[in-house]
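The structure appears right after this line, and notes come after that.
The values are calculated or read from the model by the stated rules, or taken from the named source; none is laboratory data. Keep in mind the model is a prediction, meaning the values are calculated, not measured. Note: ideal-geometry Cβ built from the backbone for every residue, glycine included; neighbour counts use all protein chains shown. Calculation scope for accessible area: heavy atoms of the full protein, side chains included, ligands and nucleic acids excluded. Shrake-Rupley method; radii C 1.70, N 1.55, O 1.52, S 1.80 Å.
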Amino acid sequence: MVNTAIDKKGSGLASGWINGLLGVIIFSGSLPATRVAVLEMNPFFLTFLRASIAGVLAMMLIYGFREKRPQASQIVPLIIVSLGVIIGFPLLTAMALQHVTSAHSIVFLGLLPLSTAIFGVLRGGERPRMAFWVFSVLGSLLVMGFALSQSAEVSLTGDLLMLAAVVACGLGYAEGAKLTRVLGGWQVISWALILSLPFMLVAVLVTMPATFTGVSVSAWVALGYVSLFSMLIGFIFWYKGLAAGGIAAVGQLQLLQPFFGLGLSAALLHEAVSPLMVFITFGVILCVMGSRKFSR
């Protein structure tokens, strides 16, 4: 019986890390895609439209699988999820990317695992060991240091907006992961999208531009990516991973997100991969492994 319980626990942890990794890979294209879209679309309109598209898809999922409505006690946590990851992070990053490049925004993505871990303690009741925080801080410093070496652009407005986005996202991640243990991963993000949908639809009408003639095909493709993958599919894997493997521990996988994005650029756009990037990536992987070991 004891061995069976240990095997099940180990299997759940492995599943959590696999799902978390899939979520990070999907999210890795979010900031570059947002950057492409926001150059030709109003950031408010972009945020409201992407959430509206994902919200309509979420309604189809909930209706198709005949899911029960969330309980009254779950409404406030779902609203927090909506404010954090559906409205807060997308809107704040879209506004920030008008002032800074997507490469510079990676500096702040390095803080996202720490933000998620802190809210995992405050909201999820997790208690990682001290060594976990050492590895987490070191990994964040490696990512931030690498990003700063690649981009000298600084904007106080853009930086403050990115910092606020990181705080909002960390809270939304932790709250959603806690709720996933009861509702399920895709149900949490679907209901959060549905709750925000009426507001989003009205906001789309208010912020809609008079014409779309200046919007290129690449901007529409970017909108499609952030609507379908960044706003819905990615969260299905991500929340499931956080809930199964631990909010603080699996959240450290976000340290790899910038390097997945740079790797995709190298593979698809034939951009050069510097030796420094390879070195830092290995260092970050070691930090993620160390934080996983000491997360419980």
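The table that follows gives values for the structure above.
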item: CD proxy at 222 nm, helix term only [per DSSP H run n ≥ 4: -39500 (n - 2.57); per residue of the chain; nearest 500]; result: -24500 deg cm²/dmol
item: Value of relative contact order over the chain, rounded to a whole percent, pairs C-alpha under 8 Å and six or more apart; result: 38 percent
item: FRET E, pair Phe279, Arg127, Förster distance 35 Å, beta-carbon r, rounded to 0.05; result: 0.60
item: FRET efficiency estimate (nearest 0.05) - Cβ-Cβ, Leu228 to Val182, R0 22 angstrom; result: 0.30
item: Probe 1.4 Å, accessible area per residue of region 165-296, Å²; result: 43 Å²
item: Cα coordinate range in region 193-244, projected on the principal axes (Å, largest first); result: 46, 27, 9
item: Projected area averaged over orientations for region 96-172, convex hull of C-alpha atoms, nm²; result: 5.0 nm²
item: Rounded accessible area of Ser218 (nearest 10 Å², 1.4 Å probe); result: 60 Å²
item: DSSP H segments from the chain that extend 20 Å or more along their own axis, Cα-based, with Kyte-Doolittle mean of 1.0 or above; result: 43-64, 130-150, 156-183, 185-207, 275-293
item: Cα-based convex hull, the chain, per residue volume (Å³, whole number); result: 142 Å³
item: Residue with peak Gaussian network fluctuation, the chain [Cα springs, cutoff 10 Å], from Gly184, Gly125, Gly241; result: Gly125
item: Ordering of 168-180, 36-48 by burial proxy (mean other Cβ atoms within 10 Å per residue, highest first); result: 168-180, 36-48
item: Spin-label pair Leu141/Glu67, simplified geometry with 7 Å Cα→Cβ offset, distance in nm; result: 4.1 nm
item: Between region 193-231 and region 19-48, the Cα center-to-center distance that results, in Å; result: 11 Å
